[in-house]
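Readers should treat all values here as calculations from the given coordinates under stated rules, not as data from a laboratory. All figures in this text were calculated on a predicted structure; none of them were measured in a lab. Cβ coordinates were reconstructed from backbone atoms using ideal geometry, including for glycine residues, and neighbour counts include every protein chain displayed.
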Amino acid sequence: MRIFSDIMAKPGPLPRKYAFAGPGFILFFLWAVSLSSCSSNEVNAPFHAGSDGTHHATGFDIEVFDDYTLLSVYNPFQGARDMMFRYVLTARDNNNDLPGHLSKFPVIRTPVTSVICLSTTHVALLDYIDQTKSIVAVSGGEYIYNDGIRKRIENGELPGIGYDMSLDYERILELNPEIILAYGVGAEAAAWLDRLRVLGMNVVIIGEYLEGSPLAQAEWVKFVAHFFDKQDMAAEKFSEMERKYLELTAMAAASEKKPVVMSGLPWRNSWFVPGGNSLFASLISDAGGRYLWDNDQGRENFPVDIEKVIEQGSTADYWINAGAALSGADILNTDKRLGSIRPFRLNNVYNNNARLNSHSGNDYWESGIVSPHIILKDLIHILHPGLLPGHIPVYYRKL
């Protein structure tokens, strides 16, 4: 059983997409292949991103033509290969005939005015381009941190439509959204994704969680922006975010000291740590640190024996992202032996749970997706206090 690379294995609520993918993924993969074959052009499109100014993301492509925009999504499920979904976007007032070869793809009129979000990360992407007003329903509303969305939920203005296999299809049909922002993880997603498609819903698959770097993940805001005719806003805001992120990376790279960072917390007798090419490892490197398991070549989390972690932790300077722990006592209650790990003894344990709602919904996994420069700033402040002495951490807190 494997877990996605950008999530530390830990208990507690996460965005719905960040979950374990079990052995049944083969069945899901076969379903996805059949679905994508119905949505793919007979001509093989190049698997790249970049025709509309993308520089980091590899999971989507945007091609702009006179009367329409063609959006392509590549391999949006764990383990997928050579898979593509395509969407044709055209203006509401466009009466020109579209090329015949596009008839096999969903045609969506823009700007979209109603959308259902199946992940908290989708809320963050829409908030970034000031389009949360278009959200007509959500999944997992109790875990959403966004204040405006929370108020709409609490006032009864924004209904929940259930989770995964328990989606409320009748309510979805009543709402009749123009698009549903969805995701796919394991075999269990096949049934409900296919059901939505059969019901005539425009299901837009978002695969930002599979990107290999924080900027690549955040760049999915450009993809989503095209549905709302907000591409110029998204490009401008992303460019500024990118500039800040790269400036911070350069600042941290100039530091001679490279503190060693460990991560994770035992859960169900297993200690999963991020792979050496994971988003977390990328963040630590960009923050001027050295990840303890940077010799690993994978992106997904992998298990390490608790005894081995305790042994290797003797060389670490900091412990970042300590599972669901809210205090040092929580760590000791997990396993008293963890108190002997060097960063714990040095009081250098930090967790990414500074922003939790009343249901433990964590904003790190929500707005953090479009704020990698702020997360990076937090980490630099932790690893190199002298570089950003006036910074007050946003997503991180010291345990």
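Eigenvalues of the alpha-carbon gyration tensor of segment 55-147, scaled by 5 and square-rooted, set the equivalent ellipsoid semi-axes at 26, 19, 12 angstrom, largest first.
With neighbours defined as other Cβ atoms within 10 Å of a residue's Cβ, the residues SER367, SER139, SER103, SER255 order from fewest to most as SER103, SER255, SER367, SER139. For segment 253-398, the calculated P(r), taken from all Cα-Cα distances in 5 Å bins from zero up to the bin holding the longest distance, is 2, 10, 19, 24, 22, 16, 7, 1, 0 percent.
The slack between SER360 and GLU240, meaning 0.36 nm per residue of separation minus the straight C-alpha distance, is 40.1 nm. The order of TRP293, TRP267, going from fewest to most other C-beta atoms within 10 Å of their C-beta, is TRP267, TRP293.
Beta bridges per DSSP, both residues in segment 253-398: antiparallel share near 50 percent.
Within segment 166-315, the percentage of alpha carbon pairs spaced more than 25 angstrom apart rounds to 52%.
Each of ILE205, ILE180 was scored by other Cβ atoms within 10 Å of its Cβ. Listed from fewest to most, they are ILE205, ILE180.
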